[in-house]
Amino acid sequence: MPISYSRFALAIALASVLAPSAVSQPAPTLAELAAYNGPDRSERLIAGAKKEGVINIYSSITVDDMKLISGVFEKKYGVKLQAWRASSESILQRAMVEARGGRYDVDAIETSAAEMESLHREKMLQAIKSPMLADIVPAAVRPHGEWVGDRLNVITAGYNTNLLKPQDVPKTYEDLLDPKWKGKLAIEADDAVWFGALVTEMGEEKAVKYFRELVRRNGLSLRKGHTLLANLIVSEEVPFALTVYDYKVKQLKRSGAPIEWLVLPPGIARFLGSGVMKRAPHPHAAILFFDFMMHDAQAMLVEHDFTPTNVKVKPLDAPYKLVDPALVLDQGDKWQKLFDEIIVKGSR
């Protein structure tokens, strides 16, 4: 016998009262999560991340330091952190190839500023509205908000303390023109970004004239890799290097190695940053990782001699000129050409 309309309507009403959970709420989108800033924000992210169970990141931080970061993250949130470590150039290339192929495996990226800015220009990053940014130095927060600097690579000079005494080290770049430095100077072989930033600060005409003269008079030995260069200082193969990362020198020095760093003005530093991919397959975990890098990880970075961007962890008061990543993208080819012409070819 056919059911009457009134009985059918009553059945539907009772079902909706007795089983309200039968109609599930749609999961929030990444954009909605990124914009949400309610009082239960952290609780929502943690609960969602635990359901997702994992986060995939690409990073250029060292393997040992990433193990430390992932260990603390996993212990705190119960979410597996899977990291692929590579150079910033390789990370950018892989992310773009995967996106163009419709493959969306990576949730977040942590690497050098220029590559992060490239991802922004390719419209691959999601801006995050996070309360964790309140203590980040303003210079580390890009106007578009799609990635934020979490640490600084400070590019300094370095020297072997067994071969050179503090009173003998140069105070300015001009001091390196002294004949006593002939055959004693080295530089990282791919430091075109540092070179371009320094040339910009010094004035192009003056800087080009200076480096041509330096190479002609005293020569520059090219070495591939900042870590290698620091280790060559320790082994006394390189008495003085123009470009090493200060954190690596500090780590080696702390272990008892005969190495020291110094800033020849103007000092140059560049950000490395974190960002969340627009097509992140684990959106809760991705935003949670972003927050983690802006807060919890900052103290861990200090413990391993990095320069964090959270001013409550460590004030950013060093006299460095910060490399503008947008300028790197716009002027990078010009800088590379000058570096190759003056430094690379001139040093052969």
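Throughout, read-outs are computed from the coordinates displayed, never taken from laboratory work. Fair warning: this is a prediction, and the values are worked out from it, not measured in the lab. Heads up, the Cβs are rebuilt from the backbone with ideal geometry, glycines too, and the neighbour counts pull from every protein chain shown.
Run the helix sum for the chain: -39,500 (n - 2.57) per DSSP H stretch of 4+ residues, divided by residue count, reported at 222 nm to the nearest 500 deg cm²/dmol.
That calculation yields -13000 deg cm²/dmol at 222 nm.
Go through the stretch 248-325 and name the trypsin sites (Lys or Arg not before Pro) that are in a DSSP coil and have 12 or fewer other Cβ atoms within 10 Å of their Cβ.
The qualifying sites are K312.
Check each of the chymotrypsin sites (Phe, Trp or Tyr not before Pro) in the stretch 46-113 and keep only those in coil by DSSP with at most 16 other C-beta atoms within 10 angstrom; list them in order.
Y104
Which of the lysines could a cross-linker span from K250 if the Cα-Cα distance has to be under 19 Å and same-chain partners fewer than 8 positions apart are dropped?
By straight Cα distance, K250 reaches K165, K314.
Send over the per residue convex hull volume for the stretch 158-228, Cα only, as a whole number of Å³.
99
At a Förster distance of 22 Å, what's the computed FRET efficiency of R217 paired with L327, Cβ-Cβ distance as r, to 0.05?
0.15
Below 8 Å between Cα atoms, with a sequence gap of 6+, how large is the relative contact order for the stretch 252-348 in percent?
28
Pairwise over distinct Cα atoms, reciprocal of the mean inverse distance: report the Kirkwood radius of the chain in Å, one decimal place.
Value: 22.5 Å, from the Cα pair sum.
Would you mind calculating the relative contact order of the chain from Cα pairs under 8 angstrom and at least 6 residues apart, reporting the percent as a whole number?
Relative contact order of the chain: 26 percent.
When the Kirkwood radius is taken over all Cα pairs of the stretch 28-111, what Stokes-Einstein diffusion coefficient follows at 10 °C and 1.306 mPa s, in µm²/s?
112
What is the log10 of I(q)/I(0) for the stretch 109-247, computed with the Debye formula using one identical point scatterer on each Cα and no solvent, at q = 0.10, 0.13, 0.17 Å⁻¹?
For the stretch 109-247, the Cα-only Debye profile gives -0.46, -0.70, -0.98.
Output the pairs from K180/K206; K278/K321; K76/K253; K171/K248; K123/K312 with a Cα-Cα distance over 25 Å in this structure; if there are none, say none.
Distance filter (> 25 Å) returns K278/K321; K76/K253; K123/K312.
State whether the stretch 267-343 is rounded, prolate or oblate according to the following rule on the C-alpha gyration tensor (a ≥ b ≥ c being the square roots of its eigenvalues): a/c under 1.5 gives rounded; otherwise a/b larger than b/c gives prolate, and the remaining case gives oblate.
Because a/c hits 1.5 or more and a/b fails to exceed b/c, the stretch 267-343 counts as oblate.
What is the sum of charges around R223, taking Lys and Arg as +1, Asp and Glu as -1, for the other residues whose C-beta is under 12 Å from the C-beta of R223?
Summing Lys/Arg as +1 and Asp/Glu as -1 gives -3.
What's the center-to-center distance, using Cα atoms, between the stretch 136-184 and the stretch 300-348 in Å?
9
Please report how far the C-alpha centroid of the stretch 229-269 lies from that of the stretch 197-225, rounded to the nearest whole angstrom.
19
When the Kirkwood radius is taken over all Cα pairs of the stretch 70-180, what Stokes-Einstein diffusion coefficient follows at 25 °C and 0.890 mPa s, in µm²/s?
The calculation lands on 137 µm²/s.
Can you classify the stretch 174-289 as rounded, prolate or oblate using the Cα gyration tensor, where a ≥ b ≥ c are the square roots of its eigenvalues, rounded means a/c under 1.5, and otherwise it's prolate if a/b beats b/c and oblate if not?
Cα axes put the stretch 174-289 in the oblate bin.
Using 0.36 nm per residue of separation minus the Cα-Cα distance, give me the extension gain between R348 and D135 in nm, one decimal.
72.0 nm
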